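Peer 1: Please read through the structure below; I'll follow up with questions.
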Amino acid sequence: MDLMTDINQRMTDRVTIHPTAIVAHGAELGPGVDVGPFCTVGPNVVIEAGAKLVSHVVVDGHTRIGEDAQLFPFCTVGLPPQDLKYKNEPTQCEIGARTLVREHCTIHRGTATGLGITRVGTDCMLMAVVHVAHDCQLGNSVIVANNAVMGGHVSIGEHAVIGGAAAIHQFVRIGRAAMIGGVSGVEGDVIPFGSVIGNRARLASLNIIGLRRRGFDKAAIQRLHIAFKALYSKEAVFAQRLEAVREKFGTDPLVAEILAFIDAPSHRGLIRAE
């Protein structure tokens, strides 16, 4: 290693803490972490390599921030849940690598009566003023637009997109690559690849644009669309349509994923088409 490479490596590995920031004894900061002005980091926090707290960020509780994640001004991560049953148990919060948490977001740690951990996956983007309540589980590459809120125990599959000002009821499940329209009130589960909109939200269609962006081929999308129309037609009752789709399309991987989602236990029930 030459001199300049060695100097650059040491500069990259150096932890930077602004003089106005408060980092509690016991906090673990990986190489290259940058803690900006007026940030507060609690004693049980782990911040992995390259992560950046821009300014005025509060991270507390048993919280882990993944590599190269960025937390923007006035967001709070790992604070106690808004649950009257919570008695300061040592529950957890986890933010995945390269995730962006924008201004004024609030992400609360889990509860002892729930999963005990709130998770936001890797490569996510939470835009300004998003609320992620206790015990929520967000998969990788989820995008949540401004002012969207979710109650406790919400589960969101990878590559899902949540529109601005959407409100998601506690215990709702949102499937992989689903789309929630802006200003939608979501009271029930949303199938993988589904697109819902409205107050209260109704299942409007498949998230065709999202499927194309995720790289699914045209033939796979067409098969899924045919199965979707059969499942949500007006003929017969839903249970009969479900079994007919299972028999005809059940070997198709995308259709099988929707069927498995429908078969899984649900607190809130499915959002259906009109």
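Peer 1: So what's the back-of-envelope 222 nm ellipticity for the chain, counting only DSSP H runs of four-plus at -39500 (n - 2.57) apiece and dividing by all residues, rounded to 500?
Peer 2: Mean residue ellipticity at 222 nm (helix-derived): -6000 deg cm²/dmol.
Peer 1: For Glu235, what charge total do you get from the other residues with a beta carbon under 12 Å from its beta carbon, if Lys and Arg give +1 and Asp and Glu give -1?
Peer 2: +3
Peer 1: Got the relative contact order for the range 104-255 handy, in percent, Cα pairs under 8 Å and 6 or more residues apart?
Peer 2: 12 percent
Peer 1: Taking K and R as +1 and D and E as -1, what net charge do the other residues with C-beta under 10 Å from the C-beta of Glu48 add up to?
Peer 2: The answer is -2.
Peer 1: In addition: Taking the dipole about the Cα centre of the chain, with the C-beta of Lys and Arg at +1 and of Asp and Glu at -1, give me whichever of Ile221, Gln137, Cys93 is farthest to the positive side.
Peer 2: Ile221
Peer 1: Next question, about the same structure. Mind checking the full-extension length gain between Val183 and Ile22? Use 0.36 nm per residue of separation minus the Cα-Cα distance, one decimal, nm.
Peer 2: Once the chain is fully extended between Val183 and Ile22, it gains 54.2 nm.
Peer 1: What do you get for the angle between helix 3-13 and the principal long axis of the chain? Use alpha-carbon atoms, 0 to 90 degrees, nearest ten.
Peer 2: In the chain, helix 3-13 runs at an angle near 70 degrees to the longest axis.
Peer 1: Determine which lysines satisfy two conditions relative to Lys229: a Cα distance under 23 Å, and not lying fewer than 8 residues away in the same chain.
Peer 2: Lys218, Lys248
Peer 1: Over the range 3-153, what relative contact order in percent results from Cα pairs under 8 Å that are six or more residues apart?
Peer 2: The value is 14 percent.
Peer 1: Does the chain come out rounded, prolate or oblate by the C-alpha gyration tensor, with a ≥ b ≥ c the root eigenvalues, rounded set by a/c under 1.5 and, if not, prolate when a/b is larger than b/c and oblate if not?
Peer 2: prolate
Peer 1: If Lys and Arg each add +1 and Asp and Glu each add -1, what is the summed charge of the other residues whose beta carbon sits under 14 Å from the beta carbon of Thr91?
Peer 2: 0
Peer 1: By a straight-distance test (C-alpha under 12 Å), which aspartates and glutamates pair with Lys234 as possible cross-link partners, with residues fewer than eight away in the same chain excluded?
Peer 2: Within reach: Glu274.
Peer 1: Right, another one. Taking springs between alpha-carbon atoms closer than 10 angstrom, which of Ile95, Ile209, Ile117 fluctuates most in the Gaussian network model of the chain?
Peer 2: Maximum among the listed residues: Ile209.
Peer 1: Expressed as an acute angle from 0 to 90° and rounded to the nearest 10, what is the orientation of the C-alpha long axis of helix 218-231 relative to the principal long axis of the chain?
Peer 2: Result, in degrees: 60.
Peer 1: Could you line up Ser233, Ser55 from fewest to most neighbouring Cβ atoms inside 10 Å?
Peer 2: Going from least to most buried by this count: Ser233, Ser55.
Peer 1: Taking other Cβ within 10 Å of each residue's Cβ, how do Thr63, Thr76, Thr251 sort, fewest first?
Peer 2: The order, fewest Cβ neighbours first, is Thr251, Thr76, Thr63.
Peer 1: Any idea what the relative contact order of the chain is, in percent, if you count C-alpha pairs under 8 Å spaced at least 6 apart?
Peer 2: It rounds to 8 percent for the chain.
Peer 1: PRE reach from Ala219 (point 7 Å along Cα→Cβ): which of the range 234-248 fall under 20 Å by backbone N?
Peer 2: Inside the label zone: 248.
Each reported figure results from applying straightforward, stated rules to the coordinates on display, with no laboratory input. Everything numeric here is computed off the predicted structure, so don't read it as measured data. Backbone-built Cβ (ideal geometry, glycine too); neighbour counts: all protein chains shown.
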